[in-house]
Amino acid sequence: MTKEFNVSRDTVRRAVGQLENENVIYRIQGAGMFVEDWHKKRITNNREIIGVITTHIADYIFPKIISGIDHIVSNYGYSLVISNTHNNHKKEHESLINMLELHVSGLIIEPTQSALPNPNLELYQEIISDEIPAIFINAKYPGVKFPSLTTDDEQGEKILIQHLFDLGHERILGIFQVDDIQGVHRMNGFVKACQDHLDISYKSNIIMYKSDDDLKKLFEQVKGFLDLKHNRPSAIACYNDELAIKLINFLKKSGYSVPNDLAVAGFDNYEMAPYISPSLTTVTHEQENMGKKAGQMICDLINKKPVSSVMFEPELIVRDSTRKIKNHPF
């Protein structure tokens, strides 16, 4: 069809989707497309499905978010179809195509590499044009006006860095993932906290990385700061708890004690944070509550009810990985 009519695959897909919507044709997976008159009843009715697209599914904070969504939408008679982008725009494109072909009732989407230009904006425009109810979680794309549920990442990080300053730390190393807008906001919070302490904050530093960077190389950069004789950091603030836990393991293998040699803090209050050794100081992320509110919001949109975006206010959780500095020799 693309060659015969000299059009793109996306154009063909949209045309076929329109014919399906008008009950002119139907398709059977693995068999092909058929004229609707040959088939008196559709085999499936995907209007009872809500699509969820996240950067990850089975690990970190995502199971709780998805569980919260399912808890609500199941009460409205909906099932979930879940897709994982691995924080990759190509996989996001595939996920969006699949959801559009399923004719889902609504979409809950976590943006992929949300701090970078998005090559899939045409598909988001299609979602808008098709009037498919949709919301963003954790982040949002500029120019795509879906309701959203986010965390005040900037304020959360600012609170965390202030905590480290209050403990007497003057040299703080921040490590932030900057291809996600959450990481950019958290880095901004780090900078704003430092601006409140200009007399000492010039001693602090930032490492920026992207989601597809080699973790080994990232930790080599950290090691470079730790090898400094006179300006070694006494505390490290990580983009999230997942990174903080991996960093603590790296530090232990490198002969450092946390928090005796270095304080380490994360963000998101991952469910394992209280149970590692030492337990991890962090900042809250609503996780399951965000999922529940997202589930309620998408059901309200499907039922033509008004909704408003929500920003959760994070809180500091102090545990054993940070402590008051004594006589820092550096």
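Coordinate-derived values only; no laboratory data. Model, not experiment: these values are computed from the prediction. Methodologically, a virtual Cβ is constructed for each residue, glycine included, from the backbone with ideal geometry; neighbour enumeration extends over all protein chains shown.
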Report, by residue number, each residue of segment 162-196 that is more than 20 Å from residue 115 (Cβ to Cβ), surrounded by fewer than 19 Cβ atoms within 10 Å (Cβ to Cβ) and charged (D, E, K, R).
166, 196
Hey, any hits in segment 272-289 for a residue that's within 23 Å of residue 152 (Cβ to Cβ), in contact with a strand residue (DSSP E or B) (Cβ under 9 Å, 6 or more places away or on another chain), in a helix (DSSP H, G or I) and not basic (Lys, Arg)?
yes
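Could you please find all residues in segment 281-306 being β-branched (Val, Ile, Thr) and within 16 Å of residue 60 (Cα to Cα)? Give the derivation first.
Kept after step one, since they are β-branched (Val, Ile, Thr), are these residues of segment 281-306: 281-284, 298, 302.
Correct list: 282, 283, 284.
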Looking at segment 199-212, can you tell me whether even one residue there is of a type in the set (Val, Ile, Thr) and surrounded by 15 or more Cβ atoms within 10 Å (Cβ to Cβ)?
yes
So which residues in segment 95-114 are under 15 Å from residue 52 (Cβ atoms) and within 18 Å of the chain's Cα centre (by Cα)?
95, 96, 107, 108, 109, 110, 111, 112
Which ones in segment 100-114 are within 20 Å of residue 77 (Cα to Cα) and part of a loop (DSSP other than H, G, I, E, B)?
103, 104, 105
With the requirement that a residue be part of a helix (DSSP H, G or I) and either of a type in the set (A, V, I, L, M) or surrounded by fewer than 18 Cβ atoms within 10 Å (Cβ to Cβ) (or both), what does segment 295-309 give you?
297, 298, 300, 301, 302
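This table checks each residue for (1) among the aromatic types (Phe, Trp, Tyr); (2) surrounded by fewer than 20 Cβ atoms within 10 Å (Cβ to Cβ).
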residue	(1), (2)
225	yes, yes
237	no, no
240	no, no
249	no, yes
252	no, yes
261	no, yes
281	no, no
284	no, yes
Here is a check on your reading of the model: is residue 292 loosely packed, with under 14 Cβ neighbours inside 10 Å and of a type outside the set (A, V, I, L, M, F, W, C)?
no
Just a yes or no: is a residue in segment 253-265 without any contact (Cβ under 8 Å) to a residue 24 or more places away in the chain and among the hydroxyl-bearing types (Ser, Thr, Tyr)?
yes
